[in-house]
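Only the coordinates and a few stated rules stand behind these numbers; no lab work does. Because the structure is a prediction, the values reported are computed rather than measured. With ideal geometry, Cβ positions are generated from the backbone for all residues, glycine too; neighbour counts draw on all protein chains shown.
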Amino acid sequence: MQKNNFKSKRIIFLLSHPIQYFSPLFVEIAKQSDIELLVLYCSAENVKGHVDKEFGVEVKWDIPLLDGYSYKFLKNNSWKPSIFNGFFGLINFKIFKELKHEKGSFLVIHSWAYLTNFLAIFAAKLSGVKLCLRAENPLQHELLKPKWYLFLRKFLFKYFFFKLFDYFFFIGEQNRKLYEYYGVKKEKLIFAPYAVDNERFRIEYEGYKGRKNEIRKELELPLENIIILFSGKFIPKKNPLDLLKAYHLLKNDKAALVFLGDGELRKEMEENTKLNNINAVYLTGFKNQTEIGKYFAAADIFVLPSGLGETWGLVVNEAMNFALPVVVSDLVGCSEDLVNEGINGFIFKCGEIEDLRTKLNIFMENAELKENFGRKSLEIINNYSNKKIIDALATIQ
């Protein structure tokens, strides 16, 4: 592709598919006078709407995924094409053609989960394209793997795979520690935080501020209760049942629990609620991007009890943009970065129901704490923005 001579840097992002969290970032990058951006997508299966296997419902995002930046969809040559079909679900040979004349450009890949990622690395090396990795893997999850696996992986990553990259964009402390564990030198590490569209959520927050009771009436939620909010897929990784059990142990008539989302565990959650006569539990079903803000505005506390596999938890970023105190498990990837213990929230040991109950009870007994913690959440999340990512891109050369 002909490069724009007025741009000092050309950056190509390779992604499996359009992602609602990343599209606003690409729009902001495209506005930069010194960066020429191209996004390559390996699959278009979610653009027109698709049945999300984890939500269990059809999902079509109601924010623009493809407006405001340059992109291409690469033909998927897989015999079982899907982002949900593992390593061989994405095989995009056209990546070689796309990178053939891109010498001096930068390619950012986000994982090594698909064959296409390795094809892209090979193509970049053939074409003189500089390689950047922006994966999300946290060290704490890595160290839970078998020792023999870690030994083999450390040998391969330290002496071969990670040697192929020019830069490593780490999204948080646990991610940085993983790169260092595998021998990446500090001079190759650049902080490019995981972020949501803070600007959009902050506008919503300001618009809803002072209208909590009005919003609760609209959503048919109790006006006087302290609302504990969960947002995400009802799947084992997210541990929504742990939160339901901890809430049951609270036995506090002043509390209410809202599960924002849907998924395979919904039936079990409903049965558990009915069997144990748990009061004031609300399961909303799937809500789209333009709808979720009202639920954050209606809530008092946000909880993410996820376990292994929750490499970050961008929903925590969303909640903090609405000045919510946050309670997360110690296996949530963002816990070390976004949750300052006793300052804007609490961290509990994953799977320890009583520990989670204890943390929730602190808010039940101290109403003022919610306000103080919420203000701190707003301050902290300002440092996890798309602007910070753009600043990181400015440092590569």
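Among 144, 232, 77, whose Cα sits farthest toward the positive end of the charge dipole of the chain (+1 at Cβ of Lys/Arg, -1 at Cβ of Asp/Glu, about the Cα centre)? Of the listed residues, the answer is 77.
Modelled spin labels at residue 80 and residue 349, positioned 7 Å past Cα toward Cβ, are 3.9 nm from each other. Cβ crowding within 10 Å, taken as a proxy for footprinting-reagent exposure, orders 220, 180 from fewest neighbours to most as 220, 180. For the chain, the normalised intensity computed at q = 0.08 Å⁻¹ comes to -0.45 (log10 of I(q)/I(0), Debye sum over alpha carbons, equal scatterers, no solvent). With the simple spin-label model, which puts each label point 7 Å out from Cα in the Cβ direction, the residue 217 to residue 44 separation comes to 4.6 nm.
Convex hull volume of the C-alpha atoms in segment 198-381, normalised per residue: 103 Å³.
Taking 19 Å as the straight-line reach from the Cα of residue 103, the aspartates and glutamates in range (excluding those fewer than 8 positions away in the same chain) are 34, 36, 166.
Cβ crowding within 10 Å ranks 324, 65 as 65, 324, fewest other Cβ atoms first. The slack between residue 8 and residue 62, meaning 0.36 nm per residue of separation minus the straight C-alpha distance, is 16.0 nm. Between the beta carbons of residue 113 and residue 290, assuming R0 = 30 Å, the FRET efficiency works out to 0.55 to the nearest 0.05. Looking at segment 100-192, the trypsin sites (Lys or Arg not before Pro) that sit in a DSSP loop and have at most 15 other Cβ atoms within 10 Å of their own Cβ are 100, 103, 185.
Cβ-Cβ distance of residue 199 and residue 396, R₀ of 30 Å, FRET efficiency by 1/(1 + (r/R0)^6): the value works out to about 0.80.
Under the rule of -39500 (n - 2.57) per DSSP H run of 4 or more residues, summed and divided by the residues of the chain, what mean residue ellipticity at 222 nm is obtained, to the nearest 500 deg cm²/dmol? So the helix-based figure for the chain works out to -11000 deg cm²/dmol. In the structure shown, the pairs 158/387; 125/154; 9/94; 287/388 are assessed against 26 Å; a Cα-Cα span above that value is assigned to 158/387; 287/388.
Computed about its Cα centre, the charge dipole of the chain is approximately 1800 debye, with only Lys, Arg, Asp and Glu carrying charge at their Cβ.
Distance between the 7 Å Cα→Cβ label points at residue 279 and residue 206: 4.0 nm.
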